[in-house]
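Worksheet: the structure to be examined is printed underneath.
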Amino acid sequence: MDYNIVNGTIVTATDKYRADVGIANGKIVKIARKIKEPAMEVLDAKGLYIIPGGIDIHTHLDMPFGGTVSADDFETGTIAAAFGGTTTIVDFAIQGKGMTLKRTLNTWMKKAKGKAVIDYGFHIAICHLTDKVMAEMPEMVASGVPSFKCFLAYKGALMIDDGALYRVLLESKKAGALVMIHAENGDILDVLINDFLAQGKTEPKYHALSRPPEAEGEATGRGIAIAQMAGAPIYIVHLSCKEALDKVQEARDQGYPVFAETCPQYLLRSYQNYLEPGFNGAKYVMSPPLRDKSNWKVLWKGIASGDLQVISTDHCPFNFKGQKDMGKKNFAAIPNGAPGIEHRLMLFFHEAVNKRRLNLNRFVDLVSTAPAKLFGLFPQKGTVAVGSDADLVLFDPKAPYKISARTQHQNVDYTPYEGFKGRGVPRVVISQGKVIIKEKKFLGRPGQGKFIKRKPIKIK
Ligand code: URP
Ligand code: ZN
Ligand code: ZN
C-alpha cells in the first residue's frame with residue numbers, strides 16, 4: 001500500500017466509525033478496524049475525521065466575464081480549493097456566440113490541462129441554441145459532460161429564452177443530462193438596471209436593488225414549470241432567498257425532481273455589506289445579490305429539510321483593485337462574482353456542525369456525497385469506500401482558523417469573509433492517492449489533476 005491512515009474516524013454521509021484506511025494506486029483498497037499490511041507511509045489521523053474530499057460543482061476559473069477574466073486560473077484556483085479540502089471541482093465551460101459545444105469544451109479543457117492540481121469536470125453553459133448545438137448534446141454527454149447550464153439572466157450576453165430552455169430540457173432528458181439554471185428574470189432586471197442608471201444611481205447597492213428576490217422567485221418557478229412541461233429534472237444554482245426556495249419546496253412536496261444548491265455567501269453575508277463605506281460594496285457584487293438577513297434562517301431551514309441538497313461556492317473571483325473598480329461609476333460594470341473556493345468546508349463545518357444546525361453526516365453529504373450523486377461522480381467520488389478514488393481529507397474539527405486575504409491562496413486581493421473565525425481545518429488532503437496538502441504546505445504538482453468523465457445522469 002502507498003498509505004495506511006491509522007487512528008482516525010471515518011465519516012461518510014451515513015456512517016461514523018473508527019477504522020484504518022489503506023490506499024494503493026490512487027484508490028481506497030482496504031478499510032478495517034486495524035490494517036496490518038505494510039505501507040510506504042503511515043498517516044496518523046488521531047483526533048481527525050477521515051472524510052471524502054469536498055466536491056464543488058459550481059466554480060468559474062479563468063472565465064471571461066463582464067469585460068475581464070476571473071482572477072483564479074486552474075492552477076491557483078485548484079491549489080486554493082485543495083487547501084480548503086476540495087478535491088474535485090466541476091467548472092462551467094461557457095459557449096461563446098457561434099461556438100460549437102465541442103469547441104467550447106475543448107477551450108475549457110485547454111485551460112485546465114497542465115494546471116489543475118485536483119480532479120475536474122465541466123458543465124457546458126448553452127448560451128446560443130441552434131439545431132446544430134442541440135444535435136451535439138448527446139456527444140457531450142458521451143464525452144463525460146452530462147450537465148448543461150442555462151442562464152435566465154444576463155440579458156444580451158448569456159441569457160437564453162424560455163423556448164430554448166424547454167428544448168435544452170427535452171434533449172437533456174433524452175441524452176441523460178441534468179439541466180441547471182441561473183434563475184433571475186433577466187428582462188425585468190434589465191429594465192431596473194437601466195432605470196437606476198438613468199436616475200444617476202450608480203453605487204454598488206443598486207446592483208442588489210436592481211435584482212429583487214421576486215425576480216429570482218419568478219424565474220425559479222418558471223424554470224421549474226418549464227421542466228415539468230418537458231418532464232425533466234432541474235437543478236437551481238446559487239439559490240439565495242425565500243422567494244426561490246418556496247418554489248423549490250412547493251415542487252418537491254408534489255414529488256417533482258427539483259434540486260437546488262445554496263452557497264456560504266447567502267448564509268453568512270447580506271445586503272448590509274453593500275452599504276460598507278467607499279466602494280467596498282463592490283466586493284459583494286454577485287448574482288443573485290446578497291439578500292436581507294431574514295433569508296439566512298429560511299435557507300438553513302431549507303438545508304435541514306433537504307430541499308437544498310448541495311453547498312457549492314460559485315467561486316468567481318475578481319480583484320477589488322483593477323477589476324471590481326471597472327464599475328466605480330456604474331454598478332452594472334462591476335464584474336459579477338466573488339471568491340470562496342478555499343473556505344467552503346471550513347465555513348460550512350463551523351456554521352453547520354459546531355453551531356449544531358446539522359450533524360456530521362449531513363455536512364459530508366452537502367459538501368461531497370450529494371453533489372457526487374447528482375452529477376454522475378458517485379461512487380468513484382463522494383464517499384469513503386473500497387474501490388473509490390482515494391480523495392480524502394483528514395479534518396481537524398477542533399483546529400481554529402481565521403480567514404484573511406493576507407493568508408489565503410485564492411489569487412485575489414480580498415475575501416468576503418475577512419476576519420471570520422471558527423473551528424474545523426483540513427490538515428491533510430489526499431487527491432487520487434497522493435498527499436497534496438500537509439500541515440499548510442502544498443505538496444502537489446500542477447497538471448496532476450485529471451479530467452473526470454462523468455456518467456450520464458438519469459433521474460426519474
Ligand atoms: O455573480 C456571479 N454569480 N458570477 C458568476 C456567474 C454566475 O452567474 O454564476
Ligand atoms: Zn449564475
Ligand atoms: Zn456561477
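The values are calculated or read from the model by the stated rules, or taken from the named source; none is laboratory data. What you are looking at is a predicted structure, and each value in this text was computed from that prediction instead of being measured. All Cβ positions, even for glycine, are placed from backbone atoms using ideal geometry, and neighbour counts span all protein chains on display. Each accessible area value is taken on the protein alone, full model and side chains, heavy atoms only, with ligands, DNA and RNA left out. Shrake-Rupley method; radii C 1.70, N 1.55, O 1.52, S 1.80 Å.
Residue under question is SER270, and the condition is that it be surrounded by fewer than 22 Cβ atoms within 10 Å (Cβ to Cβ), hydroxyl-bearing (Ser, Thr, Tyr) and at pLDDT 95 or above; does it hold? Walk me through it before giving the result.
Numbers: surrounded by fewer than 22 Cβ atoms within 10 Å (Cβ to Cβ): yes; hydroxyl-bearing (Ser, Thr, Tyr): yes; at pLDDT 95 or above: yes.
So SER270 passes the test.
Scanning the range 392-409 finds no residues that are under 26 Å from LYS149 (Cβ atoms), open to solvent by less than 30 Å² (accessible area, probe 1.4 Å) and either not hydrophobic (A, V, I, L, M, F, W, C) or not in a loop (DSSP other than H, G, I, E, B) (or both).
Could you grab me the full set of residues in the range 333-353 that are in contact (Cβ under 8 Å) with a residue 60 or more places away in the chain, away from ligand 2 (no atom under 16 Å from the Cβ), not in a loop (DSSP other than H, G, I, E, B) and not charged (D, E, K, R)?
Looking only at the range 333-353, we keep the residues that are in contact (Cβ under 8 Å) with a residue 60 or more places away in the chain, and these are 333-351, 353.
This time we only want the ones that are away from ligand 2 (no atom under 16 Å from the Cβ), so: 333, 342-351, 353.
So of that shortlist, the ones also not in a loop (DSSP other than H, G, I, E, B) come out as 333, 344-351, 353.
Once the filter is applied, which keeps residues that are in contact (Cβ under 8 Å) with a residue 60 or more places away in the chain, away from ligand 2 (no atom under 16 Å from the Cβ), not in a loop (DSSP other than H, G, I, E, B) and not charged (D, E, K, R), the range 333-353 yields ALA333, LEU345, MET346, LEU347, PHE348, PHE349, HIS350, VAL353.
Beta carbons closer than 6 Å, at least 6 apart along the sequence or on distinct chains, pair a first residue in the range 398-409 that is under 18 Å from PHE349 (Cβ atoms) with a second that is of a type in the set (A, V, I, L, M, F, W, C) and assigned to a loop (DSSP other than H, G, I, E, B) for ILE403/PHE420.
In the set (1) farther than 14 Å from GLY433 by Cα; (2) surrounded by fewer than 17 Cβ atoms within 10 Å (Cβ to Cβ), the condition left unmet by VAL42 is number (1).
So that you can scan it fast, the table gives a plain yes or no per residue for (1) open to solvent by less than 10 Å² (accessible area, probe 1.4 Å); (2) out of contact with any strand residue (DSSP E or B) (no Cβ under 6 Å at 6 or more places or on another chain); (3) within 16 Å of ligand 3 (Cβ to nearest atom); (4) within 18 Å of TYR120 (Cβ to Cβ):
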{"site": "MET346", "(1), (2), (3), (4)": "no, no, no, no"}
{"site": "GLN380", "(1), (2), (3), (4)": "no, no, no, yes"}
{"site": "ALA385", "(1), (2), (3), (4)": "no, yes, no, no"}
{"site": "PRO416", "(1), (2), (3), (4)": "yes, no, yes, no"}
{"site": "LYS434", "(1), (2), (3), (4)": "no, yes, no, yes"}
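Against the condition among the aromatic types (Phe, Trp, Tyr), touching a His at 6+ places or on another chain (Cβ under 9 Å), modelled with pLDDT of 95 or more and more than 20 Å from THR383 (Cβ to Cβ), how does PHE92 come out, does it pass? When the stated conditions are applied, PHE92 passes them. Got a sec? Which of PHE320, PHE259 is in contact (Cβ under 8 Å) with a residue 60 or more places away in the chain, within 19 Å of the chain's Cα centre (by Cα) and open to solvent by 20 Å² or more (accessible area, probe 1.4 Å)? Being in contact (Cβ under 8 Å) with a residue 60 or more places away in the chain, within 19 Å of the chain's Cα centre (by Cα) and open to solvent by 20 Å² or more (accessible area, probe 1.4 Å) holds for just one of PHE320, PHE259, which is PHE259.
The set of residues in the range 289-326 that are over 29 Å from ASN361 (Cα atoms) and within 16 Å of ligand 1 (Cβ to nearest atom) comprises PRO289, PRO317, PHE318, ASN319, PHE320, GLN323, LYS324, MET326.
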